Amino acid sequence: MNKYLKGCLIASAVLILIIGLIAGWFWWSMETSHKSAGEDGIKYSKEFDSITTITEKPAIMLGQFRKDEIDQLKFYLIRNNEVITDTTVHYTITEPDKYLNTNIPFENFKKSDSIIVETKNKIYFTISGFHHYAYLHYSMFGYVGNHDCRFADGNYTVNGKNQNGTLLKKEGKSKIPLSLLNKN
């Protein structure tokens, strides 16, 4: 066999072997990273969900209302079926659409608490199910091993249904237990 052909075949085989090793290492690294991300996501989400106090001001959006129905909202903080505190917030609505983006006005509350939102025309929404989760950091090559604790903003239970934080007029309740509105 020609020594040039033999040299080219050996060089090609070495090059293919090197490319195969690099591809194998890359695949192994991605699989290990993916497995580690799954384990860390479960572990840290449990840890962060053990936080009992919500210090963020959760965002909500009210929709399908007339402006005069949502220019004043009353918020009740409910703990163990008792009103802990309430507050009324007035809004100046200048947008032509029928939506209002706002935040729950309490500085902090327990994760197990419920928030009741009352509109001017006595439509009620009960918001609960607040929680935190682990936000895992990724790079171009997968999970990098870092994480943040984040509030699951917009992922609440509204009137017993999982919602994205949008309170639609047609989904509101016309009654709420009067015992919840009696301060002790």
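Just so it is clear, none of the values below were taken in a lab; they were calculated from the coordinates. Keep in mind the model is a prediction, meaning the values are calculated, not measured. Because the Cβ atoms are built from the backbone with ideal geometry, glycine has one as well, and the counts that use them run over all protein chains shown.
A Gaussian network model of the chain, with springs between Cα atoms under 10 Å, assigns the largest mean-square fluctuation among 100, 17, 77 to 17.
With the simple model of a label 7 Å out from the Cα in the direction of the Cβ, residue 11 to residue 128 spans 7.4 nm. Computed over the chain, the P(r) curve from all C-alpha pair distances, binned at 5 Å from the origin, holds 1, 7, 12, 14, 12, 9, 7, 6, 6, 5, 3, 3, 3, 3, 2, 2, 2, 1, 1, 0 percent per bin. Build a GNM of the chain with springs between Cα atoms under 10 Å apart, and of 45, 36, 12 the one that fluctuates most is 12. Helix 3-49 and the longest principal axis of the Cα set of the chain meet at an angle near 20°.
Full extension of the chain segment joining residue 111 with residue 4 gains 31.1 nm, where the gain is 0.36 nm per residue of separation less the Cα-Cα distance. Once Rg and the Kirkwood radius are both taken over the C-alpha atoms of the range 116-176, their ratio Rg/Rh works out to 1.23. The simple spin-label model puts a point 7 Å past each Cα toward its Cβ; for residue 28 and residue 51 those points are separated by 3.8 nm. Calculated on the Cα set of the range 1-77, radius of gyration then Dmax: 30.3, 92 Å.
Dividing the summed helix terms, -39500 (n - 2.57) for each DSSP H run of n ≥ 4, by the number of residues in the chain produces a 222 nm estimate of -9500 deg cm²/dmol to the nearest 500.
Each label point was placed 7 Å from the Cα along the Cα-to-Cβ direction; for residue 86 and residue 149 their separation is 3.3 nm.
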